[in-house]
Amino acid sequence: MRSLRVGLPSIAACAMALVLTGCISAPKTPPPPTAAQRAEWKKVKTGPFAWGISTSSYQYEDPDLKPSDEFSTDWDIFIKQGAAPPKGNALYTWSDFDKDLAALKKIGVTHYRFSLEWGRIEPHEGVYDEQVIRRYVGMARKLQVAGIEPVVCLWHFTFPDWLYDRKHPARSNWLHPDFQARWRAYVAKIVAAMGPSVRLYAPQNEPNGQITTAYVGGMWPPAETLNFRNYDRAIIASAEAFRDAAAIIKRENPHALVISVEALPWWKRSPLPWLGTVFWNFMQQNNFDHLDRIYDVCDVIGFNYYYTQRAGPLSMLRISYRHGPNYSMMGWKIDANGLYQQIKLVGDRYGKPMMITENGVATKKDQKRIDYIQTHLAAIARAKAEGYDVRGYFHWSLADNYEWHYGYTATFGLSHMDPRTLDRILKPSAYYYRDIIREHKALDRARAEGN
C-alpha cells in the first residue's frame, strides 16, 4: 500500500514537470488481446477460487535477536534518520510464525501471500544466510501441511542496506549498479530452495506505487521529490527485474505461475480542465507503465485495490482531512464500484486471468470493515457474472500491523495481537470472512459432486 502526497508549494512545479517529461499524454494501451490469446490464457490452471490473505515480511517480522544474524534495510536507515516511525518487533512473525498460522487456520483461507525479506536472506552483498532461507522454506511447507497454498512474494518494498546509497539517489535500490545481478542471483537462490512445492510466485509488490512514493512523493527511500527522470529509470529497471524473475521461476519450476501485484486505485478525472488532465494522465501512467512492460510474462494479473480518488492537486491535498462513513481513517475514499470498474479495465486491457491481491480498509470500526468486504466482494461477483475472469481475492491484512509512515495507527487487520501472549485475537470481520469462505467452499464441493 502507498500514498502520494504533494505539498501546496509543489503543485505548480509538479504540473510543469509532468508536462516537460511528456506525462501530458494519456498512456498508450497495448494491442488488444485476440480471441485465440484469451482462450489460451483462460486455460491457466490456478485451481478453485483463491480465498486469501496478504501480508509482508517487514510489516510483520521482528528482527533477529542474535547479533551475529543482524541485518538492515533501507527502511531501517530511514527510521534511524527520523523519517519514519519506529517499527520495534512488529507482530513477532519471524520468531513465532505459528501464531499467524493458527489464525489463518481459524479463518479457513485457501491461500496466503507472504513476502521474503531480501536483506535478511542476503545481509551482506553475496553472502546468504542459509538458516534464514530454510526458515522461509519451512513457513511455506507449514502452510501446505495446513491445506493453505503459499503465494511467495520475492520483494515487498524494502531493499538490503547495501543497495541503498542515501547520498546518491541515482545509484540506490532499483538504480544501484549491482542491483540487477544481485537480484537475479537472489531469485534463483530462493526458487531453487523452495523447489517444486511452491507453485505461485509474485516477484514484486506494488513497484509502481513504491517508485512513485520514492521519486515523486519524496516519502520513501531515497526520498526524492518530483524527480521524474529517476522515476522513469526505476520503472524500467523494476520491469527488467520482474521479467528476469519470471524467466528464472519458469526455468527452475516450469509448473509455477507468475503473478503481478500492482497498485491500481481507480482515478477519476478532475473538473479542472487542463491541470486535471495532466494529473489524471500521470496517475493512469503510474497505474499501467510498469504493468504494460511485464503483463506478457504473467500468468495472472494481480492488482491491489483500496480506494477511488480524483486525480487533481486539490483532491490530493485534502486526503488527510477526509473523515466519515465513506472514508478510511487514512482519508481514502471507499468505493466498491471503483474495484468493479478497474476489473473491467484490466480485463479488457490484458485479457488474462486476474486476482485481487490486496483489498482492505483502515478503520477502528469493525462493522465498517465487514461492510467494506461485503461490498467489494459483491463488485467482484458482478464483474465475474459479466464474464471477467477473476480467480481470487486476498484481504489486507491478517492483523493490525506496521503501516510505514502511519506506524501502528492505521488498523487494517482481521485481528489484533495480544501483547502478552502474541496470539492473534480475531475480530468479527475475521469470522465474517470465514463464513464467506465456508459458504463458497461448500458450493465448490457441491458443483464438483454434481459433475
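Just so it is clear, none of the values below were taken in a lab; they were calculated from the coordinates. On a predicted model such as this, the values are computed, not experimentally measured, just so you know. Counting neighbours? That spans all protein chains shown, and the Cβs are built from the backbone with ideal geometry, glycine included.
Below is a table of values for the structure above.
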| item | result |
| --- | --- |
| Which listed pairs, of LYS333/LYS364; LYS106/LYS365; LYS87/LYS364; LYS142/LYS368; LYS45/LYS368, have C-alpha distances above 25 Å, in listed order | LYS142/LYS368; LYS45/LYS368 |
| Residues VAL145, VAL390, sorted so that the one with the fewest Cβ neighbours within 10 Å comes first | VAL145, VAL390 |
| Antiparallel content of DSSP bridges confined to the chain, in %, to 5 | 20 percent |
| Sequence-distant aspartates and glutamates (8 or more away, or on other chains) whose Cα lies within less than 19 Å of LYS352 | GLU40, GLU206, GLU262, ASP289, ASP292, ASP296, ASP299, GLU386, ASP389 |
| Selection from LEU317, VAL191, LEU275, by position along the positive dipole direction of segment 8-450 (Cβ) | LEU275 |
| Value of relative contact order over the chain, rounded to a whole percent, pairs C-alpha under 8 Å and six or more apart | 20 percent |
| Computed helical MRE - 222 nm, the chain, DSSP H runs ≥ 4 contributing -39500 (n - 2.57), nearest 500 | -13500 deg cm²/dmol |
| Protection-proxy order for peptides 78-89, 324-335, each taking the mean of Cβ atoms within 10 Å per residue, highest first | 324-335, 78-89 |
| Integer Hz, Karplus 6.51/-1.76/1.60 couplings in order for segment 102-109, x for Gly and Pro | 4, 5, 4, 5, 5, 6, x, 5 |
| Rounded to the nearest 20 debye, dipole of segment 8-450 from Cβ charges on Lys, Arg, Asp, Glu | 1180 debye |
| Cα gyration tensor shape of the chain, rounded if a/c is under 1.5, else prolate or oblate by comparing a/b with b/c | rounded |
